[in-house]
Amino acid sequence: MKNKNWLELSQYFSNERVKASFSLKQSINNKNHDAIDFAKIYGFKHKLIAIPNQTHSNNIKKITLGGKILNADGVFTSNPMVVCSIKVADCLPIFFAHRTELFFGIVHAGWRGLVNGIISESIRLIKSECISLKSIDVFIGPSIQACCFEVGNDIVERFSPNFIKQNINSKYFVNLQGIAKNKLEYEGILKKHIKVSKDCTFCQLERYFSFRRDGKKSRRMFGLIGSK
């Protein structure tokens, strides 16, 4: 279901107690809006909003409280009072949730995070909780797609050739969603439990912010996942 002001994502998770959303340009008009503002507008009553200080790392943390989470690009929790958040403007927002139990999280995965193993680190954390990977649902949200993610010769070799296309002008375009999905399956997440948005943040000017398109003036979208 698509609300005019945000994407409702709860339907992508088998666990009926999980609630998730992704903001759009229309979600909040205030330029200084943050994840807490969006959580309130979306309808979360929770006061514990976890806000990672994202640095394009592969650092993933299990948390029990809200507030600022230093040096992290992904947060997971089993505390029903906590809402996990990330901010993006082209990077992949990757949502995770247990299919029956209250365990969930969200990861900010840019190309640097992907090549440096952020998905492997996420899986490592899940395994450390003695959770079967077969019981995890994953949703990869709106992000820059292969149609628009052009890379130069200096970094193209960091990606698998299976996810690179070269056009007639010898420019390289990378399918980040394909890389992420392939890695999730390789690590043990079932293919049928992974859903991927086809929305390109670069293409859809009216709906999404895009750092690649708008540069430093670009604002951010917010991904939230918590319990009902």
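Observations on the model:
- Checking every one of the trypsin sites (Lys or Arg not before Pro) in segment 1-83 against DSSP loop status and a limit of 11 other Cβ atoms within 10 Å picks out Lys4, Lys31, Lys45, Lys47.
- Max mean-square fluctuation residue, GNM over the chain, Cα-Cα springs under 10 Å, options Ile41, Ile86, Ile119: Ile41
- The H on the amide N of Lys62, modeled in the peptide plane, is under 5 Å from the matching H of Phe76, each at least 5 residues off or on a different chain.
- Cα Rg, Dmax, the chain, angstrom units: 16.6, 52
- Compactness index (Cα Rg / 2.2 N^0.38 Å), segment 38-86: 1.10
- Fully extending the segment from Met81 to Ser14 would add 22.2 nm, taking 0.36 nm per residue of separation and subtracting the current Cα-Cα distance.
- Asp199-Val115 FRET efficiency (beta carbon distance; Förster radius 25 Å; 0.05 resolution): 0.65
- A viscosity of 1.002 mPa s and a temperature of 20 °C, combined with the Kirkwood radius over Cα pairs in Stokes-Einstein, give a translational diffusion coefficient for segment 115-172 of 150 µm²/s.
- Calculated from backbone phi, Karplus (6.51, -1.76, 1.60) coupling profile of segment 6-21 in Hz, x at Gly/Pro: 7, 8, 8, 10, 4, 5, 7, 10, 5, 6, 5, 8, 8, 10, 9, 7
- Accessible solvent surface per residue of segment 114-209, calculated while the other protein chains remain in place, 1.4 angstrom probe, Å²: 52
- Label zone at Val156, where the point sits 7 Å out along the Cα-to-Cβ direction: segment 169-183 residues whose backbone N lies under 13 Å: 169-175
- When Ser170, Ser57 are compared by accessible area of protein heavy atoms, the largest-first order is Ser170, Ser57, using a 1.4 Å probe.
- Solvent-accessible surface of segment 2-94, averaged per residue with a 1.4 angstrom probe and all protein chains in place: 48 square angstrom.
- Accessible area of the chain belonging to carbon and sulfur atoms, whole % at 1.4 Å probe: 50
- Cβ-based net charge around Ser227, under 15 Å, with every Lys or Arg adding one and every Asp or Glu removing one: +3
- Considering helices alone, the calculated mean residue ellipticity of the chain at 222 nm is -4500 deg cm²/dmol, with DSSP H runs of length four and up weighted by -39500 (n - 2.57) and normalised per residue.
- In this rough spin-label picture, where each label sits 7 Å from Cα along the Cβ direction, the His56-Cys148 distance is 1.8 nm.
The values are calculated or read from the model by the stated rules, or taken from the named source; none is laboratory data. Keep in mind the model is a prediction, meaning the values are calculated, not measured. As a convention, Cβ positions derive from the backbone with ideal geometry for all residues, glycine included, and neighbour counts pool all protein chains shown. The protein model used for the area step is the full one, side chains on, heavy atoms only, and it has no ligands, DNA or RNA in it. Shrake-Rupley method; radii C 1.70, N 1.55, O 1.52, S 1.80 Å.
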